[in-house]
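Please treat every number below as a calculation from the coordinates, not as lab data. Since this is a predicted model, take the numbers as computed values, not measurements. Using ideal geometry, Cβ is built from the backbone for each residue, glycine included, and neighbour counts are taken over all protein chains shown.
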Amino acid sequence: MASQTTGQPVAPSVENPSASESVSMEELQLAARNHAMPLEALRYPITPAGLHYLLIHFDIPAVEVASWRLAVDGLVERPLTLSLEELQARPKVTLPVTLECAGNGRALLTPRSISQPWLNEAVGTAEWTGTPLAPILREAGIHSDAIEVVFTGIDRGVQGGEAQDYQRSLTLDDALRDEVLLAYAMNGAPLLPQHGYPLRLIVPGWYGMTHVKWLRGITLIAEAFQGYQQAGTYLFKKNEDDPGVPVTRMAPRSLMEPPGIPDFMSRARVLAAGACALAGRAWSGQGIVERVEISTDGGRTWQDAALGESPSQSPYAWRPWTFDWQAAPGAYDLCSRATDSAGNIQPLDAPWNVGGFMNNAVQHVAVTVS
């Protein structure tokens, strides 16, 4: 039940966060370099490129496309060197795909892991255009000893005390999936510099760290890749002594388009009484979202929302949902939760972990109705 109020609503305000909520200067630098998708952008089935979330580990590299080449080497019979023009001449696929940062929701865990302080907004859905990876690997001739494929970006920096190119790997089976793309366009335009120009990897269903940007090399190897971004981070660890489980596919999540108008500091919402159409989007990399439920009392009771179709009915893009709410005067805690086809249900509370990864706990939207 909602608590009842009278008179004009006053949304809560957070002018002076406590010391436990404050962020370090290092985190502030990260937050200034990277950006989240404003939740009101959930209204767009395809996120405009400038609103799509963005995480850049090191620097945006300068790339001269005339001299840039993609190398395909390692355990292959016929190493390849491909220009952007040659890649664009190959069979083309456009696929709507939802990308979410593995650290989305990190700042909502207690204690907070010190890194990019995401709340709930590190997500976006774009139409990625490129050529499938599998035919290129087969054209190169996959050696029988190859078990993993390493993807190397041009971006370079230091993390975990180690100077490195940004590198991630997939098992050979995952790399050969039909939906894995080498993308050179986003929403019908060439990749923006910050989104990986001239070429990036798209692995539908997987968290964002997998989609290597500024791609320059694809190498087949005969052992598990031990680079820092694979073996030193993006591990779900219950404590520092836990060896951890690799973070891979996105857990189910639903987000709500903010109703009403916001308080400037707290972003708590103010809404007029009466009919209100709540709306949002839900996704999962572990199955297809089959159900979204809405709560107006902080998760004590739930009602089904109406589900729509994902853009172009892509199995890798978020699905819209709507819910008709008769908003009576009061203070409310609005929530939505997703269930996918594999039976995964978005939890009210997600387990803490060292890196603050995969926090898909139910979102809470504070609303005061006048």
### Task
Please report, to two decimal places, log10 I(q)/I(0) for region 250-369 at q = 0.22 Å⁻¹ as given by the Debye formula with identical point scatterers on the Cα atoms and no solvent.
-1.23
### Task
Let me know the shape class of region 307-364, please: from the alpha-carbon gyration tensor, a ≥ b ≥ c as square roots of the eigenvalues, rounded when a/c is under 1.5, otherwise prolate if a/b is greater than b/c, or oblate.
oblate
### Task
Just report the Cα centroid separation between region 73-141 and region 144-209, whole Å.
5 Å
### Task
Take the Cα pairs of region 63-109, get the Kirkwood Rh, then feed it into Stokes-Einstein at 4 °C and 1.567 mPa s and tell me D in µm²/s.
89 µm²/s
### Query
Taking the mean number of other Cβ atoms within 10 Å as a proxy for protection, how do you rank 176-184, 266-274, 97-105 from highest to lowest?
97-105, 176-184, 266-274
### Query
How large is Rg over Rh for the chain, taking Rg from the Cα atoms and Rh as the Kirkwood inverse mean of 1/r across Cα pairs?
0.99
## Note on the structure
Counting only DSSP beta bridges with both partners in the chain, the antiparallel fraction in percent, to the nearest 5, comes to 90 percent
